[in-house]
Amino acid sequence: MIRKRKWILLTGIAFFLICLRAQAAKPLVLVIDPGHGGENLGAQYEGYTEKDMTLVVAEAMKTELEKYEGVTVYLTHDQDQDMSIKDRAVFAGEKNADFLFCLHFNSSVEHNLFGAEVWVPAGGEFYAKGRSFGLIQMEELTATGLYSRGIKTRLNDRDENYYGILRYCTQEGVPSALIEHCHLDHDKDKPFYQQGEEQLRELGRLDATAAAKYFGLKSELLGVDYSDYPVPETQIPSGLVRPDKTEPELCYIEVTNLNQETGEATVRMEAEDGDSYILYSRYSLDNGNTFSLPEAWPRPEAWDQSAKSHSFTIYLPFDERITLCAQASNGFDVWAQSNTVVIDPIPDPERLRREEAQRQEAMLREAQKNYREISYDQEEPDASSDGVWVIVVIAGIAVCMLFVSFVLAKTIYLLIKGNKKR
Ligand SMILES: [Zn+2]
């Protein structure tokens, strides 16, 4: 009886171990979705076409992921072809995928935004998984120098996931994330793809590393083992995780230094948003009518931690009254406007120098003119006095000659008179 019970127990343990082994052996299934394709070109700018770029990245990601053990990788499509968003999610569902990575490149309406972002489903375990993966993915992207625009959710007006691929994948029961690697229409992001396909393949390998870390994969071929990789934990939210629609709570500026000679102003700016970090800042010299291009807000500590304040220098135009203000945006591109600082016109030093030179030149001209006038005034009396002197001398000579003639005449007369007497 005891032997029989022991026999049943051993059989049970063996069955459990076989089941466990079967479970462990179940290969991980990952689906990569190159964004766009066929008629759907995606973003286009200066010769860059998104659908071509995503296909290169996706193929490189697949090749790299296949170097890891225990993973099966599929592309939703490996040719440049049309494929509906729903079909891509259904494909992942049919493959019983553990995750779908949707690869994209971004662009903005005014071509003024830059950086990488990861969009994740807005609720439940799909949010938690998407965000945990997104944190690793963003760590990888920012390590290359890309600027993070965040790991975010977006909802449509029916409170569903805005991005179809996240919405359909959630319906199919497949965790997912949409990766916007960077902007293909901004100079700041160009260094990450402008050298051609090899650079795009590098991004694909980076995506693969993030996925491998998230799933704790190891590869003898690559000599890496991420089985103990500390995947950041994300609490499963009770409801929907909504995007931040409110502007940063703090946005303040002050001018800390103003160089009257160069017009260089040092502006100290403070900005803070409780829900996300600060993304960009920009300034206006005309009370908010026109703005400078958005600049990255500094993150000296970590890629997901924006500084409380920072100082920047701007050059103010001379001879103009400036009404300076600034704006700061949060991760969802919601902008807050600062206080205004009125700066009295700074006189243009070049203009002042020019005017001073002109003034001195005018003074010199005036002085020369006066000198010449004075000279003429003095020469005239000289000339007249010369004339007087000539007249005086001539008169003197005439008087002398008259006197001599008189003496001579008198002497001759006396001589003649004397001779007659004798
Ligand atoms: Zn796209």
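The values are calculated or read from the model by the stated rules, or taken from the named source; none is laboratory data. Please read all numbers here as calculations on a predicted model, not as lab measurements. All Cβ positions, even for glycine, are placed from backbone atoms using ideal geometry, and neighbour counts span all protein chains on display.
Quick look at the numbers
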item	result
Restricting the stretch 49-67 to residues that are within 14 Å of the ligand (Cβ to nearest atom) and free of Cβ contacts under 8 Å to residues at least 40 places away in the same chain, the residue that is nearest to residue 206 (Cα to Cα)	55
Among the residues listed as 139, 46, 39, 125, the single one being charged (D, E, K, R), within 14 Å of residue 170 (Cα to Cα) and more than 13 Å from the ligand (Cβ to nearest atom)	125
Residue match in the stretch 103-116 (condition: surrounded by fewer than 24 Cβ atoms within 10 Å (Cβ to Cβ), at pLDDT 95 or above, over 24 Å from the mean Cα position of the chain (by Cα) and more than 16 Å from the ligand (Cβ to nearest atom))	no
Within the stretch 175-294, strands (runs of 3 or more DSSP E) holding 2 or more residues that are under 30 Å from residue 349 (Cβ atoms)	250-258, 264-272, 278-284
Index of the failed condition, residue 145 passing every other in (1) under 17 Å from residue 296 (Cα atoms); (2) touching a strand residue (DSSP E or B) at 6+ places or on another chain (Cβ under 8 Å)	(2)
Residue tally, condition surrounded by fewer than 19 Cβ atoms within 10 Å (Cβ to Cβ) and over 11 Å from residue 120 (Cα atoms), over the stretch 141-165	10
The stretch 200-223 - residue that is surrounded by fewer than 21 Cβ atoms within 10 Å (Cβ to Cβ) and of a type in the set (D, E, K, R) and, of those, nearest to residue 57 (Cα to Cα)	201
Any pair with Cβ under 9 angstrom, 6 or more apart, that starts in the stretch 95-109 at a residue that is in the same structural domain as residue 179 (by TED's automatic domain parsing) and within 17 Å of residue 188 (Cβ to Cβ) and ends at one that is among the small types (Gly, Ala, Ser) and within 9 Å of the ligand (Cβ to nearest atom)	105/35; 105/42; 105/43; 106/43; 107/42; 107/43
Any hit, the stretch 79-101, residues being within 19 Å of residue 150 (Cβ to Cβ), at pLDDT 95 or above and buried (at least 21 other Cβ atoms within 10 Å of the Cβ)	yes
Any chance residue 47 is of a type outside the set (Asp, Glu), in the same structural domain as residue 84 (by TED's automatic domain parsing) and at pLDDT below 95	yes
Subset of the stretch 180-199 (residues that are more than 14 Å from residue 43 (Cβ to Cβ) and surrounded by 21 or more Cβ atoms within 10 Å (Cβ to Cβ))	192
Count of residues meeting criterion [of a type in the set (Asp, Glu) and under 25 Å from residue 274 (Cα atoms)] in the stretch 318-359	1
Verdict on residue 273 being surrounded by 17 or more Cβ atoms within 10 Å (Cβ to Cβ), over 16 Å from the mean Cα position of the chain (by Cα) and at pLDDT below 95	yes
Matching residues, the stretch 86-102, being away from the ligand (no atom under 16 Å from the Cβ) and either under 37 Å from the mean Cα position of the chain (by Cα) or in a loop (DSSP other than H, G, I, E, B) (or both)	86, 95, 96, 97, 98, 99
